[in-house]
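Since the structure comes first, as structure tokens, the remarks are kept for the end.
The values are calculated or read from the model by the stated rules, or taken from the named source; none is laboratory data. Remember, it's a predicted structure, so these values are computed and weren't measured experimentally. Side chains included, ligands, DNA and RNA excluded: accessible areas come from the protein's heavy atoms. Shrake-Rupley method; radii C 1.70, N 1.55, O 1.52, S 1.80 Å.
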Amino acid sequence: MDEFKLPRPELKPENTHNALYPGTFDPITNGHLDIIRRGLCLFDKITIIVAVNVSKNPLFNLEERCELIQECFKDFNGRVAVDYTSGLIVDYAVQHNITAVIRGLRAISDFDYEFQLALMNRRLAPSVETVFLMTGFEWIYISSSGIKNAARFQGNVSGLVPEHVEAALKRKFS
Ligand code: COA
């Protein structure tokens, strides 16, 4: 019954206050920001990890996505960091001794995918837990793809993404 020994002896207390928030972030949206703000009520520090979803072909390259995220957190006193990985999220977590991975849930449709991802991650690294946060009601219908689709045809995405992201989308599709 080793798995029921809590807290786990291998955890260093200082890092139980840190969390990862992984995603493609192509681009970051106000829905992502909502999750990060909620996460900061639970964790001292969140590292946003721009990661690879092999089934996606991003509009913004890795550097652009990281820059767009960094711009959002200039005034957060170092409580939000941005990094990237081309490998597994849980490997990054274990290497940095971080035990919580935040994922946002928007609707029932997210659940099946997130459930599989969380269980696969747990299988790969049992010391890493996935923490699900409910997205604010006003963001449950948005996604990076939806916003890109609207912006591509000059649709108004104001209020759905930060202003500098809106400007970056306009530049991409001008
Ligand atoms: N508000 C609004 N939209 C949100 C949201 C929120 N709170 N949370 C997620 N979304 C949207 C995203 O914009 C994205 O939209 P899109 O599909 O139109 O691009 C969609 O929901 C999926 O979100 P995202 O968090 O970017 O997940 P993902 O499926 O693209 O990527 C990774 C998930 C990157 C974390 C996953 O592929 C991964 O872990 N990759 C690294 C390799 C690995 O460790 N794999 C796991 C082992 S099998």
Original post:
Which number gives the lysine pairs in the chain that have C-alpha atoms under 30 Å apart and are eight or more places apart or on different chains?
Top reply: 15
**OP:** Averaging sequence separations of C-alpha pairs under 8 Å and six or more residues apart, then dividing by the length of the chain, give the relative contact order as a whole percent.
**Re:** 27 percent
Original post:
What accessible area, in Å² to the nearest ten, does a 1.4 Å probe give for Lys56?
Top reply: 110 Å²
**OP:** Springs between alpha-carbon atoms under 10 Å, Gaussian network over the chain: tell me which of Leu133, Leu33, Leu117 tops the mean-square fluctuations.
**Re:** Leu117
**OP:** Would you give the gap between the C-alpha center of region 116-146 and the C-alpha center of region 47-89, rounded to a whole Å?
**Re:** 16 Å
